[in-house]
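Remarks on the structure that follows.
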Amino acid sequence: MSREYETIIGLEVHAQLATETKIFCNCSTEFGAEPNQHTCPVCLGLPGTLPVLNKKVVDYAIMAGLALNCTINGYNKFDRKNYFYPDLPKAYQISQNDFPICEDGYIEIDTEEGTKRIGITRIHMEEDAGKLVHEGSIDQATASLVDYNRTGIPLIEIVSAPDIRTPAEARAYLTQLKQILEYLGVSDCNMEEGSLRCDANVSIRPVGQKEFGTKTELKNMNSFRAVERALEYEVERQKKVLAEGGEIIQETRTWDDSLNKTISMRGKEEAADYRYFPDPDLPPLVVDREWVERINASLPELPREKRERFVREYALPEYDAGVLTDTRELADYFEACVAEYSDAKAVSNWIMGDFLRLLKEENLEIAEVKMTPAHLAGMLKLMDEGVISSKIAKTVFEEMFKTGKEPEQIVEEKGLKQISDAGELEEIVLKVIEANPSVVEDIKSGKDKAIGFLVGQVMKETRGKANPGMVNQIIREKIESL
C-alpha cells in the first residue's frame, strides 16, 4: 500500500564576500592566482599570529541580513569550530555558533500557488577553508595537493528554515537569494569559481505527521539545476526505500551529475562534535543601531521591488519586468535607455531581443558593451522619423553593438536610409505587380493577405530600404485601379 509523503527541504548556502582582502588578514581574495601565493602567517595559522577582523566583512554581512529581512544582533561573537581536515591549516575554523550576526529573516518566492515566504534561520560570518587538488582520477588519485589561497576568504553562511517543500521551490529560493546578493554587490555568486556553494538537507514524512523524517545531506552540487535534480532524485530514492520496508539512514551524499544520482559519501549517525568555544583572540563584536541604520540607508533597490516598480511606472508586462531586472546592470541599462527615449515597451523589446542575444553570442558583460543608451534611443528616433525601417534597424543595431558608432553615421556610411520617395516606390511596385499577375488576381478576388507577398517582393528589390507603410498603400492603390 503506497503512502503519500511530504518533502522537507532546508538549504545551507555559503557565499564568499567580495572584499579585496581576507577576513582576518591583508591577503588578497583575488581568484585564479598560482597556488599558495595569497597566504601569510595569519591565514596559515602559524604560531604566535593574531587575527584582526575586516570591518568590510561585517558591513557586507549586515547588508545581506537587512536585505533578507533579518534581525541584526547587537551582540555577536566568533567561535572556534574544531575539526581536522588537510585543507584547514589551524585544525579549526573561525565561525559563529550561538551568537550569529543575523537571525529570523525570510525570502519571498513566486510559486504556482502564489507568493510563498521561506524563513531564514540565521546568517553567520566565517572564514573559508583551503582547497584540495587531487592528481589522477577520483578513484585512484596518485597525490592530493593543498592550495591555501582560499583559506581565510570571508564567507556568510545563510541557513534556511525547513520551509521548502519541493525541488522547484528550492531552485526558486536559490535564484532569488543569488539575485539579491548580486544586487547588493556583497558577492559575485560565481558558482564555477566556488564563491557560491549550496548544501541541502532533505527528508520525507507521511502527510499529516508533525515529526520530521530522517534527513540526508546533499553536497557537491555546482548549479541550481543540479540542486533541483539532486533533490528530485533523493526524494524518490527515500520514498522507494520506505516503500520496500527499509529505513532512511542519516548520511552525507554527493550528487554525481554524470550518473544523475546521489551517492553515499559517509554516515552521519550523530551530529558532529565540533567542540565550539569562543575564540580567545577575537573580542565580542558589538553592532550599534547607528551602524545598522547607516548601512540600511545605503541599500540599493532590490530586485523584487524594482520588478514591481517597472510594471507600475513603465506599464511593462510582468514578464518583461522580470527579464529586465534579472541583474542590476541590465535594469540600470534599461532605465538609462528610457531616460533617452520614453517608449519603455519599445526599449524593452530591443533589449530583451537583440541586445541579450548579442550579449550571449559575444560573451560580453554589459559594462563591456560599446553601444550606449543614447545610441539605442537615436536609432529608435530614426525609426519614428521614417529614416529607417524596422528591418534596417536590426542591421543598424548590430553595427552599433559591435562598433559603438552613432546610428546616423551607420545609416550614412552603409546607405541604409529608407526610401520614402513616392515616385521611386511606384516604379518598383509596378514592376513587382507586372511580375506577379496570379498574386494580383488573388488580391482582387478578396485574398487580402496576398498583399504581404508583394510587399515582401518590393522590400527584396530595395534591400529592405522601402518604407513598408507607403509600399502597402501604393500596392493597394495600383491594384484597385487595374
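The values are calculated or read from the model by the stated rules, or taken from the named source; none is laboratory data. As the structure is a computational prediction, the values presented were derived from the model and not from experiment. Cβ coordinates were reconstructed from backbone atoms using ideal geometry, including for glycine residues, and neighbour counts include every protein chain displayed.
Contact map, region 43-66: residues that are among the β-branched types (Val, Ile, Thr) paired with residues that are at pLDDT 95 or above and in a helix (DSSP H, G or I), Cβ distance under 7 Å, separation 6+ or inter-chain. Pairs shown: Ile62/Val292; Ile62/Ile295.
Conditions tested, residue by residue: (1) among the β-branched types (Val, Ile, Thr); (2) out of contact with any Gly (no Cβ under 7 Å at 6 or more places or on another chain); (3) in the same structural domain as Met125 (by TED's automatic domain parsing).
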position: Leu11; (1), (2), (3): no, yes, yes
position: Gln16; (1), (2), (3): no, yes, yes
position: Thr21; (1), (2), (3): yes, yes, yes
position: Phe24; (1), (2), (3): no, no, yes
position: Cys27; (1), (2), (3): no, no, yes
position: Gly32; (1), (2), (3): no, yes, yes
position: Thr39; (1), (2), (3): yes, yes, yes
position: Leu44; (1), (2), (3): no, yes, yes
position: Cys70; (1), (2), (3): no, no, yes
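Close contacts from region 326-345, counting a first residue that is among the polar types (S, T, N, Q) and a second that is assigned to a helix (DSSP H, G or I), with Cβ to Cβ under 9 Å and a gap of 6+ residues or different chains, come to Thr327/Gln179; Thr327/Glu182; Thr327/Tyr183; Thr327/Pro303; Thr327/Ile366. Residue pairs whose Cβ atoms lie under 7 Å apart, sitting 6 or more positions apart in sequence or on different chains, and linking a residue in region 456-475 that is in contact (Cβ under 8 Å) with a residue 60 or more places away in the chain to a partner that is surrounded by 21 or more Cβ atoms within 10 Å (Cβ to Cβ) and among the charged types (D, E, K, R), do not occur here.
Within region 283-308, the set of residues being over 21 Å from Tyr106 (Cβ atoms) and buried (at least 16 other Cβ atoms within 10 Å of the Cβ) comprises Leu285, Trp291. For Thr216, the test of being more than 26 Å from the chain's Cα centre (by Cα) and buried (at least 17 other Cβ atoms within 10 Å of the Cβ) is passed.
Return the total of residues in region 305-329 being assigned to a helix (DSSP H, G or I) and either more than 13 Å from Glu182 (Cα to Cα) or in contact with a His (Cβ under 8 Å, 6 or more places away or on another chain) (or both).
To start, the set of residues in region 305-329 that are assigned to a helix (DSSP H, G or I) comprises 305-314, 318-324, 328-329.
Checking the rest, the ones that are also either more than 13 Å from Glu182 (Cα to Cα) or in contact with a His (Cβ under 8 Å, 6 or more places away or on another chain) (or both) come to 305-314, 318-324.
The qualifying residues number 17.
Pairing residues of region 92-111 that are in the same structural domain as Ala64 (by TED's automatic domain parsing) and within 23 Å of Glu318 (Cα to Cα) with residues that are surrounded by 19 or more Cβ atoms within 10 Å (Cβ to Cβ) and acidic (Asp, Glu), at Cβ distances under 7 Å and at least 6 apart in sequence or on separate chains, gives Ile109/Glu169; Thr111/Glu169. Of all the numbered requirements in (1) within 34 Å of the chain's Cα centre (by Cα); (2) in contact (Cβ under 8 Å) with a residue 40 or more places away in the chain; (3) surrounded by 16 or more Cβ atoms within 10 Å (Cβ to Cβ), Met400 misses one, and that requirement is (2). Figure legend. Inter-residue proximity from region 5-18: first residues crowded, with 22+ Cβ neighbours inside 10 Å, second residues acidic (Asp, Glu) and not in a strand (DSSP E or B), beta-carbon distance below 7 Å, spacing 6+ or different chains. Indicated pairs: Gln16/Asp128.
When the residues of region 155-191 are filtered to those that are in contact with a strand residue (DSSP E or B) (Cβ under 7 Å, 6 or more places away or on another chain) and of a type in the set (Val, Ile, Thr), the one that is nearest to Val58 (Cα to Cα) is Ile156. Filtering region 16-39 for residues that are within 29 Å of Ala172 (Cα to Cα), under 29 Å from the mean Cα position of the chain (by Cα) and not in a loop (DSSP other than H, G, I, E, B) leaves a non-empty set.
Of all residue pairs spaced 6 or more apart or on separate chains, those with beta-carbon atoms under 7 Å, a first member in region 284-310 that is more than 15 Å from Ala64 (Cβ to Cβ) and a second member that is among the hydrophobic types (A, V, I, L, M, F, W, C) and outside any helix (DSSP H, G or I) are Phe310/Leu316.
Residues that are under 30 Å from Thr7 (Cα atoms) and touching a Lys or Arg at 6+ places or on another chain (Cβ under 7 Å): find the strands (runs of 3 or more DSSP E) completely inside region 83-186 holding 2 or more of those.
On the way: elements: 92-95, 102-111, 114-127, 131-136, 141-147, 154-160.
Hits in region 83-186: 102-111.
Assessment of region 149-163 against the conditions (in the same structural domain as Ala226 (by TED's automatic domain parsing), among the polar types (S, T, N, Q) and modelled with pLDDT under 95) yields no matching residue.
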